[in-house]
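I have placed the structure first, in the form of structure tokens, so that the comments after it can refer back to it.
Only the coordinates and a few stated rules stand behind these numbers; no lab work does. What you see is a predicted model; the values in this text were computed from it and never measured. Using ideal geometry, Cβ is built from the backbone for each residue, glycine included, and neighbour counts are taken over all protein chains shown.
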Amino acid sequence: MSESSRSNMTVAVVGNPTSNKGRGAKTSDQVISLLQSAGDRHGFEVIDVTGTSFEDSLDKAKSRRAEYDYLVVVGGDGMIALGTNAVGCSGKPLGIVATGSGNDFARGLELPVNRVETAVDGIVGAIMRGSHIDVDMGLVTSLPGGYAVDSSTGGELPRAQKASVTAHTVKGLLAVDSLQSNMGLDFTDEYLGEPNSLDIDRYYAGMLSCGLDASINDRANHSHLPNGTLRYFAAVLVELSHMKRYGYHVKATLADGSVEERDIISPLLTVANSRHIGGGIEVSPYSRFSDGLLDLVWMDHVPNFAECVKAVSHAYDGRLLASKVFGWQRIREIEISRAADGDEPPVFMADGEYVGHLPVKVTAQSRALRVLVPPAVAEAQAHDGEEQALEAIARDRRDPLTGGFFD
């Protein structure tokens, strides 16, 4: 697309004003200023859609989506969660200015981290050149009994009243059916009311954490240590020292379309789209961003001390799944509920944000999120690392279809 055709385009920015003791607001202001300067040169407008909280910012980014052509998020993985849910499946490209701690999704895409000017330059270049990649997402929806929690605190939300539809209401709807069709009206939403606000309907770009990984995230979120990676690593050590055996019942559709159903009693259960968590720990080293699949990773058993030490030593080198402590399978879809045995699983999280309680259904959404990236990154990601992933799976003596070990 030519530069002249970019005129009348609008870039929306959403930041996290409460992050890092208010430094997030200053960074957002810097990003807006840099984009406005670029917009003056290249002919696009910039608007700020930041709200007062995660949910308020998400609501604004979604409700004002018709006003902008690109959305830029500023912050860590929580802001990726916001952007993913604001423009996922819409075709509107998402730009990422990765700042603060974590940034595992940006890291996986080889985007600059904590380099604001470089990130903005890359976004502007991507806009001007039409350079982007389409990546997978996970979609999490609640099954009967599953419900959402406060995304910032993990606390319970007020119970919403579901609108009931009586026989009288249905009769009334049938009576006005012809009126609707003749006059172009639709009274259905008015009669049926709003959907239950506790129902889960969330996209995620990185990882869905359902066990030990969620507990680690929660502990890291409440830590006072200064560095994000240090907070996460310290949380890993603490949580490993008193692991629980959570009880999950899973029904998974595998890569070949076959279905497996079983109980998993495990400290850890993750449904991953990206490789990293916690500032670079490779929990799911075989994951690829655009293969149309998700990776189910769990602990096969509670590890002993020697196994814990070995796992921690391989946390950053891509060899974590070489250990028989971990189970792994590629999946298209999975239902996760509470098993009869095992401990009650914690509140599960996605991209570092609290989501809700089981049971849920998770479905791979193939190439559903468009991300602005510089041309060099787009070219590098075009191959999607399939060959490297298969080499790593073979190196670790895993069966790429079943996920089991060859020996």
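The figures follow:
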item: Where labels lie 7 Å past Cα in the beta-carbon direction, separation of Asp256 and Lys26 in nm; result: 5.7 nm
item: FRET efficiency for Lys62 and Asp40, using Cβ-Cβ distance with R0 set to 41 Å, rounded to 0.05; result: 0.90
item: Alpha-carbon centroid distance for the pair segment 249-315 / segment 52-83, whole angstrom; result: 29 Å
item: Dipole-positive endmost among Pro359, Ile334, Ala380 within segment 299-389 (Cβ charges, Cα centre); result: Ala380
item: Residues with amide H under 5 Å from that of Gly100, placed H, sequence gap 5 or more; result: Asn114
item: Computed lengthening from Asn8 to Cys89, 0.36 nm per intervening residue step minus Cα-Cα distance; result: 26.9 nm
item: Trypsin sites (Lys or Arg not before Pro) within segment 89-155, DSSP loop, no more than 16 other Cβ atoms inside 10 Å; result: Arg115
item: Rounded to whole Hz, the Karplus (6.51, -1.76, 1.60) HN-Hα couplings of segment 244-249, x for glycine and proline; result: 9, 9, 6, x, 10, 10
item: Surrounding net charge for Ala86, when Lys and Arg each add one and Asp and Glu each subtract one, Cβ distance under 11 Å; result: +4
item: Two-site FRET efficiency, Thr118 against Thr141, from Cβ-Cβ distance with R₀ of 35 Å, rounded to 0.05; result: 0.40
item: Compactness of segment 297-407 - radius of gyration and Dmax, Cα, Å; result: 17.2, 51
item: Nearest-0.05 FRET efficiency for Asn304 and Asp201, computed from C-beta distance (R0 41 Å); result: 0.55
